[in-house]
1. With just the Cα atoms of the chain, tell me how far they stretch along each of the three principal axes, in Å, largest first.
2. Order these peptides, 475-485, 243-253, by their mean beta-carbon neighbour count within 10 angstrom, highest first.
3. Cβ neighbours within 10 Å, averaged per peptide: list 303-312, 275-284, 380-389 in order, most packed at the top.
4. My understanding is that a pair violates if its Cα-Cα distance is over 22 Å; which of K353/K407; K182/K254; K107/K410; K182/K399; K346/K380; K154/K272 do that in this structure?
5. Using the per-residue mean of other Cβ atoms lying within 10 Å as a proxy for protection, in what order, highest first, do the peptides 227-235, 56-64 fall?
6. As an exercise, identify the trypsin sites (Lys or Arg not before Pro) in segment 132-176 lying in DSSP coil whose Cβ has no more than 12 other Cβ atoms within 10 Å.
7. Check every DSSP H run in the chain and write down those whose alpha carbon atoms cover 27 angstrom or more along the long axis and whose mean Kyte-Doolittle hydropathy is -0.5 or greater.
8. Per the helix-only calculation at 222 nm, which mean residue ellipticity applies to the chain, given -39500 (n - 2.57) for every DSSP H run of n ≥ 4 and division by its residues, nearest 500 deg cm²/dmol?
Amino acid sequence: MTVDERWLKLGSTAELLNLDGVEFREYQFNIINSILEHGSTLVVLPTGLGKTLIGLAVISSEIAQGRRALLLAPTRPLSEQHYATVVQMVRLPEESIALLLGSVGKKQRKELEQSAKLIIATPQTIANDLKSGNFSLEDFGVAVFDECHRAVGKYAYTYIANELAVRNSLVLGLTASPGSKKEKITQLVETLNVHHIEARISTDADVVSYVMPKYMHVVSVPQSTTIKSIGNLIKPVAEESLASLNKMGLMNAKNFERVPKGVLIALGNEIKKINAPGFRFGAFFSYIKLLNASHAYDLLTTEGIYPFSAYFDSLSEREEKSRAVENLLANNNVKEAVVMAKDAMKRGEEHEKVKYAMSILREYKGKSAIVFAQYRSTIKMLVDVFVHNGIDAMAFVGKKEGVTQEKQKKVIEDFRAGKFSVLVASSIGEEGLDIPSVDLVIFYEPIPNEIRNIQRKGRTARFRAGDVYILVAQGTKDEIYLRVSAAREKKMLFLINEINRDLARRALHDAQTRLS
């Protein structure tokens, strides 16, 4: 293989890169040159369009000038993936490249940190070594933050970014989505101390020819008579609690189904601040009942009968229950609803979404697919039903559910090897793991988070055309979340451009100030 001569225009930046057979893409070339011109930059690029190559090019430029480089990824599997890519693409002796994870002993880490020219690591590992004084960023010319939208709050990325800022090192943030709130994007820009943003979407002129077709399908799913009947028993319980909170002056809502979860969580925090013990207790009583009843209702109407039943089982099995939970479980409507749910499961009834999902998977038989679902109980139910109906599926969940990274790795290896065709995943499958591109992605439910939404959709159409199906339960929060998600994605690009203009104006003002 030979190197496309257009890459050679990068000069010393390309010297350390193994670009044999790497397709020349003008947008990558332009973004690399822009970073070298502007310095610290936030790169927003759709999944599968080569953010890593851009990062490695900037790293090569700094190493060629005698400085060291740091490549950070939020998880161990993604760090390992980057290490394999670096060894293949960066022309450095292998002993000059170090993979630092928490599993590497402190003494060995210290030796590697002192000798390696390029370090690939999880941010927690680097932050811990910086805090303990075992590591210094003194001679590092660049740090690349992969999945940099995590650089907020107390996350380890934030600490490292602050340490780099005082050394004036070049910082490169890579993400497919920085969020749709101006405050969040601004905070990300300030945390990383970037001076410029390079953003592309799939329809941009210099990108569109490299984007594989991705076909979106929104499927409206009707509610079954059984789910409607069970839901009608839970509704009055939630409505009674909402009315109580309205009467107390703590809420002003007519329909519990339209109250966002974020509003409910914020209300709980406000109730904790109430000084009057009696009033606070009454408020918490109604609040906890509303929180649990509305969550159970949402599980039933958007997830299924099994997740609904499993939720009440988990409440019943708690060793310590609040008076509000005990009151909820003793409610006649709730008891009747739980009995109806268990009877329905014995008859083999489930949410209509399950039938729709199976129909879609059968249509794509023999092709690889990821089904994303929010809850562990939903994932268990889907895998059980799929396998029972001859669909080769496995669950993929996170450490919170007691699954080790070794087990996660084995599942992904088996999926890549084609030992099963359908991965049913929680949010752990959205980012930070080396999951192969698939032919089909199914959202079991819409999600209102634009970052997670983009990450999910990015699991298909990386190297070939792909399909995305979003299952939307009629007359539920699914419909609201679908609209919210679409609106936030559109808003994200507008805000990125607005903030980038602000950065350009600030840079011009600073330059003029220095000249005057």
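The numbers here are math on the coordinates, done by the rules we state, and not lab data. Fair warning: this is a prediction, and the values are worked out from it, not measured in the lab. Neighbour counts are summed over all protein chains in view; Cβ atoms, including those assigned to glycine, are modelled from backbone coordinates with ideal geometry.
1. Ordered largest first, the chain gives principal extents of 74, 59, 48 Å.
2. Top to bottom by mean Cβ count within 10 Å: 475-485, 243-253.
3. Descending packing order for the listed peptides: 303-312, 380-389, 275-284.
4. In this structure, K353/K407; K182/K254; K107/K410; K182/K399; K154/K272 lie more than 22 Å apart at Cα.
5. 56-64, 227-235
6. Taking segment 132-176 and a limit of 12 other Cβ atoms within 10 Å, the loop trypsin sites (Lys or Arg not before Pro) found are K154.
7. 225-247, 277-298
8. Computed ellipticity for the chain at 222 nm equals -16500 deg cm²/dmol.
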